[in-house]
Structures are given as structure tokens and as C-alpha cells.
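Nothing in this text is a laboratory measurement; each read-out follows from the coordinates by a stated rule. Bear in mind the structure is a predicted one, so any value in this text is a computation, not a measurement. Positions of Cβ are generated from backbone atoms using ideal geometry, with glycine treated the same way; all protein chains shown enter the neighbour counts.
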Amino acid sequence: MLYGADYNPDQWPEEVWDEDVRLMQEAGVNIVSLGIFAWSRIQPAEHVWDFAWLDAVIEKLHAGGIQVNLATATASPPPWVSANYPETLPADESGASYWPGSRQHFAPSSPTYRRLAGELVRRLAERYVHHPAVVMWHVGNEFGCHLWMDFSDSARDAYRIWLADRYEHIDALNAAWGTSFWSQRYGSFEEIFPPRLAPYSHNPSSMLDWRRFTSDMLLECYLAERAILLEAGATQPITTNFMGPFKPADYAKWAPFMDVIADDCYPDPTSPTRVRDAAFQRDLVRSLKPGVPWLLWEQATDAVNWRPSNPGKRPGALMAETAQSIGRGADGIMFFQWRQSRAGSEKFHSAMLPHAGTDTSTWRAVTELGARLKALGDLPAPGRDARVALVFDWEAWWAVEERDHPVQIDYLAVMLEWYGALHARGIQVDIVAPERVDDGYDLALAPVLYLLRDEGAAALIRFVEGGGTLLAGPFTDLVDGHDQFRAGGFVTQLRALLGIRYEDFGALGGTSAGGMGVGAMSLKAVLAQVDTARFAVGGVDAAGSLLAEVVHPAGAQVESRFETGPSAGSPALTRHRHGAGEAWYIATVPDAAGADAVVGALVAAADVHPIVEGLPTGVEVARRGDLVTLINHGDDTVSIPVSGTDAETGAALEHLTLASQEVAFVRVPVAADRLDANAAASISVS
Ligand code: GLA
């Protein structure tokens, strides 16, 4: 279990470094991410290099038994880069430059930025690649975090090349983008600009490619640095830090190039859905690399500085949040940052070592956590523990949130609502692209899959024909990979599977609001509904919002009909046997009660069980192999009968008492052949 933080010794005089190492040892720290923002210290001018301080820090850490995740330091170019090479600066939608003075002020597609960053990485790699303290490489930092899109001239030039590579001939692009509409036909790739400020909506097919390009440019920066590290002989794992469901970067496409997935997660202490949202994020990143533990690369010990108001965590929440990561597959627990800054924008951000020193509750929590993690020892790798797949797809997300649609759907908000219904029942979920839905799952939910690629449709069809249970809809299977309607109406790929005919969207008034909240890492998402369409499922009166689609059964059985709204009388929920499985369709976005009732019906139909049956409300459960993690998020102390061993002490357990925020890691006897099967862990709960 890795334990540590970002370490920025370049913010401090040398006298502090020995104390840092001593206190790291005291806290149980065994790794630090070093030098993430140290470019200007390493290379104070174009032809001036200073590695002496870094040599000294690495030696001290090594002598103290602290491993190093060495950063390539390319996330914040020094002032001389921006001053001497203004072409490295990114631009906003109107083409106006972003200026230096903060961080991430680089155009990802700028050849000059890449050349200068590459030189820095080459020198770092050549110097430290064989250093025994360096056990990992940290490329850049949170690619795209502040700058979701760059509209600079560098981007323009790179976009034209990217498009020419993709389409080869301009006619192919014209067909893919449907440029006959509004006189948008291009004569050559040189006529294309980034989607800068325009009088009205940009072509949606072009926006989809623009988003792909934007994600690819960030990925190219990562890959260029990775290639330099490998060329220099790096044998350590190479990665960068993800931000969970971060819209600009298609992490499913990035994941194969990460030796290990690292993720930054900052649950909002004021959000009533913080537990659900963080669980979603952790399941998402675990699912990016099946079977491989991931690393929680940044969390806060207490308050952050970047929301409008920044209360600290409630007592015990740090352990509870950490346990959620471990239970959901993390083998590393790291913080931003080791020592609280004295200056700069983040001086109010908490750290492992607060400015107030070691006689603080934060320091006590940090040292206690270090000791508990050490006691946990080696953990089983997360396996195929989930029997349920939630279909999550970046391209579908991008396309569905384009403008000019019947309604504005907040993709993440809808995903979180469905995820929440599974999470509240203690059901383990993988979060995957449609192509990844296979017969390892019993149940798959594709709540909004507006854009459905041919391969994704084929996988879902195979899944159901092979015996799986699928829930789809609404606003699913409407467009192809170019955001164009397919020939033959709507729901063309899944029509036979679902046994329905789709007539109309049935847009309701109102809109979904909320979305990403403040910063990409906050998952504050709520549905602000105006009009609803009511329907009943399993005796529960539910409200649908946004859409009450008009669908007709064409083989499917109608489970529920809309009782109110413009589509009253038309099916709200259908169910269709197909092959050895069945496919359900829901024609609206249900409220929490509706989602819960539908999930109840689905898990019964698919014979899917919670990890542990009958847990008290507020107790979260997660499983990785034979390790079951229980976290009491409720206010009351709960009592749970268990049979297993305490993973920290090795003691046999018959009974657990968990006060609010308390956690337990329990190794349970699971027969080897059932570890990957749909077995509730053998914890008996009365
Ligand atoms: C991000 C960054 C860090 C720091 C933290 C603050 O995760 O990677 O450098 O700014 O946010 O929460």
C-alpha cells in the first residue's frame, strides 16, 4: 500500500527538508510525488539547468526510505517560456490568449511547448532513470484540468492535420459532418478552423470531432513524454493523474497507455451525494483497467481552497473516504500535498503537515491512517467482482450534451442517479464502455446511449442473446459515430433486441441542471425538473422528467405506462425476451424512487445480489476478491454480525460495531471458484 503526497520542497528552504523526511517517516509515508511544478526551479532560463537541489532531495528521501514518484514537471511552463515563445500560449473561444501567471498556460498542440517540455523530460530521465529511489514517473499533471479546450493557432494547425489523417479526403469529412447543411461544405482541410466564437451553433458533428481532437492532443502530450522516458530506459511504471469522470479527456482511450491508473478525488464535504459521487468515481477508474489496482493519487486531508466555501471534513470522514477507495480497488493513498504552502493560491488548502504543525487533529488523523494502512498489508487485486455493468461512454456524453436537442440532458447527473440506485443496494458495479459489456456480467444498464457505435451495439446484442439482462433508454441509439441519425428511423441498432418501435422524443418542459459543479472534480449534479410524467413500477409511484418518449411495443411486454404528461397511456417501461436474455427499455429519466424501483425489478430478473444482504442503511459495502470493506456513513452506531477475519489485526470476527464514519476491512472465506462469481460474500447479516 503506497502512502504519501505531492512533495514540493522547491517551495521551502533546504533546512526544512530533513524535518520533512523525519516527519514523513513518523506518518508512515513511503512515497512522494516529487517536483510536479518545479520546472522553473530546474530550468530557470532556457540554457540554465539546476539539478543540484533535486539530487539532494532525492538522496535525502532515499536515505530515509521514502520512494519517489518523479514528476516530469511540465504542467506549468516557467515565465521565460511564455515570454520568449508566445506561440506556446493557449487561446480561448474568441481566439484571445490565456496569459501566464497561473499554471497550465500551454497549448497542448504547440510544437514549441512539446519541444521544450520534451527537453526537460529527457534531461530528467537521463539523470534519474536508474536512481533506486525513483519507482514511478508522473507525467504532466491533471491534463486539461483548467483548460478544457484550446482554440489557439497551434490548435488550428494541429486540428487540420488531425482531420486530414482521419478523413484523408475532404469529401469524406463533408459527408461525416453533413456540411450540405447551412452552406458548410469545405473545399480543403485548410479552410477549417477550431470551433471559435460563432454567431450561432457550431455543426454538432464537427464538435464531436473537436472533442476527440482535444482529448487526443492532451493524450499526445502524455505519450510524447512517455516515449522519452522509455527511450531513456525507464522501467518504472509511467502514469498521470486522472480526475474521474472528466469530460474533456476520454480516459477509456487513454487507459491502455497508463501502466497504472492514478486518480485525484476531492469529495465535496457539503454535498449530500458525496458518498455516491465518490463511489462512482472510484468504480469508474477501477473499471478502466480491469484486474489492476489503481492509485488514489490526490485527496485532501481536510479542506480544499477552490470551492466557493471550503469547510473541512467531519471527524472520521478522512478514514471513511480512504476506505472507500481501498474497498473499490486502490492500492495507494496519496494527498495533495505533503506540507501546506506558505504562499501562493493554495496556501489555504489542507495538507498532511498543516501550517499549524503536528499538534493538530489533521496530523493525528494522518499518522493514524498511515499506521492502519501499514497494518492492512497486501490486498487482493480487484477482480471481476461486479456482476453489473453501467454503460458510460465519453463520446456519447459529448454528443448528447451538444445544443439544439429536444431537451438538455446532464449526462453525468443521469448516470449518477442510476448508479446511486445500485450503490444504495450494496451492489457492486463496473462502469464501462458498451463494447466492454460481456458475458461476465448478468445485468447491464445503458441509461443514455445517444451515440451508439456499431461495435457497441454488437456487444450489447451479444450480451442479451447470451443470456444477459439489459436496460436501455431513453434517448439511446439515436445517432452514429458522426452524430448523424442512422437510416431507418430511431433506435435502429437495438430495435429487434428491445422489441419496440420508437416514434417521438416526447420532450417535457424543464431542464437538467447542476453538472460538474465547481471544478471538474466536483460531481454536484441534480435534476431541476419542471414537468414530469408519472408512472408506477413495482407499486412505487415514480416521476419521469426531461422526456416521455412515445414508443410502441413490437414484441415487448409493457411493464408500465405513463399516467400523466403528454405521452399518457404510452409505455414507460417495457421488457422483451430476446435470445437467452432480455432487454428492458425505459422511456423517461426517472426520479430516485423510480430508478430504485426499476433497479429492484432488474436485479430480481437478473438474479443479482448485494455484496452483503441486509446491511443497515448508511453502511456502504465494496468488495475486491475476498476483502469486504464496510463503512458506516450514517450517524448512528450499527451492529453487524459477520464471519471473517479482521484484515488489519488478523483476529476472527463474529460481530462488528461501527460508529458513525467507522470502517472495517474484513477478509471473508470465499471459495476460490466463487471469487469471480456472483457470490454474496459469506458474511451473515441478520
Ligand atoms: C489538483 C492538482 C494539485 C492541486 C490540487 C488542489 O488535484 O493536481 O496540484 O492543485 O488540485 O486540490
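Data table
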quantity	calculated
Relative contact order %, the range 343-491, counting alpha carbon pairs below 8 Å whose residues are six or more apart	21
P(r), alpha carbons of the chain - 10 Å bins starting at zero, rounded %	3, 15, 24, 25, 20, 10, 3, 0
Under the span-like rule (Cα at least 30 Å along the axis, Kyte-Doolittle mean at least -1.0), DSSP H helices of the chain	204-231
Two-site FRET efficiency, residue 135 against residue 577, from Cβ-Cβ distance with R₀ of 51 Å, rounded to 0.05	0.45
Rg in Å to one decimal, and Dmax rounded to a whole Å, for the range 198-260 via C-alpha atoms	15.0, 51
Contact order normalised by residue count of the range 421-478, Cα under 8 Å, 6+ apart, percent	40
Bridge type composition, the chain - antiparallel percent by DSSP, nearest 5	55
Average Cα contact separation per residue, the chain, under 8 Å, 6 or more apart, as relative contact order %	11
Taking all pairs of distinct alpha-carbon atoms in the range 137-292, Kirkwood radius in angstrom	17.8
Rounded, prolate or oblate (a/c below 1.5 giving rounded, otherwise prolate when a/b exceeds b/c) for the range 388-606 by Cα gyration tensor	rounded
Shape call, the range 302-404: gyration tensor on alpha carbons, a/c limit 1.5	oblate
Extension gain from residue 375 to residue 18, taking 0.36 nm per residue of separation minus the Cα-Cα distance	125.9 nm
Range of Cα positions in the range 1-118 per principal axis (Å), largest first	51, 30, 21
Length added when fully stretched, residue 84-residue 50, from 0.36 nm per residue minus Cα-Cα	10.3 nm
Label-point separation, residue 635 to residue 292 (7 Å along Cα→Cβ), nm	4.4
Pairs of Lys in the chain closer than 28 Å at Cα, counting only those 8 or more apart or on different chains	14
Stretch gain in nm, segment residue 174-residue 314, where the contour uses 0.36 nm per residue and the Cα spacing is subtracted	44.9 nm
Shape metrics for the range 239-298, restricted to C-alpha atoms - Rg then Dmax, Å	11.4, 35
Cα-centre dipole for the chain with unit charges at Cβ (Lys and Arg positive, Asp and Glu negative), debye to 20	220
